[in-house]
Amino acid sequence: MLNSRVLAALVVGASASGLSAPVGAESSGQAGPFAEFSKVMSARGVVEAAPHFSVYRLCSNCRETAFYCTIQTGKASDLKGKHIRVSIVDNELVRELRALGANPVPVPNDQVVTALRRGVINCVSYVPPPTAVAKRDPTPPAPSEEDRTALAELDEAIRRDATSASPYRDRAMLYERMGRKAEAVADYRKALLLDPADRQAAEGLQRLGAKPF
């Protein structure tokens, strides 16, 4: 549990013919932009419950989206009618899935494996964040001693358990307070990857004008 110094520092003002074939083949360990997603899903037990990995573009202009599914798919249109777990704030992906005929479902992080095994959802989805940063943040002011202490404790909390969403969210809030926007956005996105139901992380991204993924 984080101590009062950390908490005090977290004060903020938060085709079927046009569809492409799989971009990535099924694999138990993925590389590239989906490596972190695969690592987290493996640690959470999702890969065991939904072992079929694929990457699709849901339309000609859509982003690449990764899926771990309980059933094998060969093309994006195979997702039609399936229940797909999504982030609560990725409205773009929700629209893409609905246009495809799939059913987007926001499932809390701690219920995903159970939902997969019970057939409540068939797949877990993920869209990686853009790699390019269009504009650099201005140089932030030097952090206070209190901020440095809080940041060190949050870094340690993440080192001890990199699968927990709350330290990433709290560190994002601290980065936001310190004016370090790019790092705040990255940590808010990480928190949402670990727990798509984290509304504080979603609200933080909205404050910063950033998309979830």
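The values are calculated or read from the model by the stated rules, or taken from the named source; none is laboratory data. Worth saying up front: this structure is predicted, and the values here are computed from it rather than measured. Backbone-built Cβ (ideal geometry, glycine too); neighbour counts: all protein chains shown. Areas reflect the complete protein model, heavy atoms only, side chains present, ligands, DNA and RNA absent. Shrake-Rupley method; radii C 1.70, N 1.55, O 1.52, S 1.80 Å.
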Given (1) modelled with pLDDT of 90 or more; (2) open to solvent by 50 Å² or more (accessible area, probe 1.4 Å), Ser60 misses just (1)
Those residues of region 173-193 that are in contact with a Lys or Arg (Cβ under 8 Å, 6 or more places away or on another chain) and closer than 20 Å to Tyr126 by Cβ come to a total of 3
Flagged in region 116-131 as crowded, with 19+ Cβ neighbours inside 10 Å and not hydroxyl-bearing (Ser, Thr, Tyr), in numbering order, are Leu116, Ile121, Asn122, Cys123, Val124, Val127, Pro128
Take Ala157 and decide whether it is more than 25 Å from Thr65 (Cα to Cα), open to solvent by less than 70 Å² (accessible area, probe 1.4 Å) and modelled with pLDDT of 90 or more. yes
Answer yes if at least one residue in region 77-87 is at pLDDT 90 or above, under 22 Å from Asp198 (Cβ atoms) and open to solvent by 20 Å² or more (accessible area, probe 1.4 Å), and no otherwise.
-> yes
Those residues of region 88-115 that are of a type in the set (S, T, N, Q), in a helix (DSSP H, G or I) and either loosely packed, with under 13 Cβ neighbours inside 10 Å or modelled with pLDDT of 90 or more (or both) come to a total of 2
Filter result for Ala134 (more than 30 Å from Arg85 (Cα to Cα) and either at pLDDT below 90 or more than 19 Å from the chain's Cα centre (by Cα) (or both)) | no
Looking across region 177-205 at residues that are in a helix (DSSP H, G or I) and open to solvent by 50 Å² or more (accessible area, probe 1.4 Å), the single one that is farthest from Val40 (Cα to Cα) is Arg177
Within region 173-192, residues charged (D, E, K, R) and within 18 Å of the chain's Cα centre (by Cα) come out as Lys181, Glu183, Asp187, Arg189, Lys190
Subset of region 58-80, residues touching a helix residue (DSSP H, G or I) at 6+ places or on another chain (Cβ under 7 Å) and among the basic types (Lys, Arg), comes to Lys80
Flagged in region 66-76 as closer than 20 Å to Ala99 by Cβ and either surrounded by fewer than 18 Cβ atoms within 10 Å (Cβ to Cβ) or β-branched (Val, Ile, Thr) (or both), in numbering order, are Thr73, Gly74, Lys75
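Here is a yes/no grid of residues against (1) loosely packed, with under 12 Cβ neighbours inside 10 Å; (2) at pLDDT 50 or above:
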{"residue": "Val11", "(1), (2)": "yes, no"}
{"residue": "Ser20", "(1), (2)": "no, no"}
{"residue": "Ala31", "(1), (2)": "yes, yes"}
{"residue": "Phe34", "(1), (2)": "no, yes"}
{"residue": "Ala43", "(1), (2)": "no, yes"}
{"residue": "His52", "(1), (2)": "no, yes"}
{"residue": "Tyr56", "(1), (2)": "no, yes"}
{"residue": "Glu64", "(1), (2)": "no, yes"}
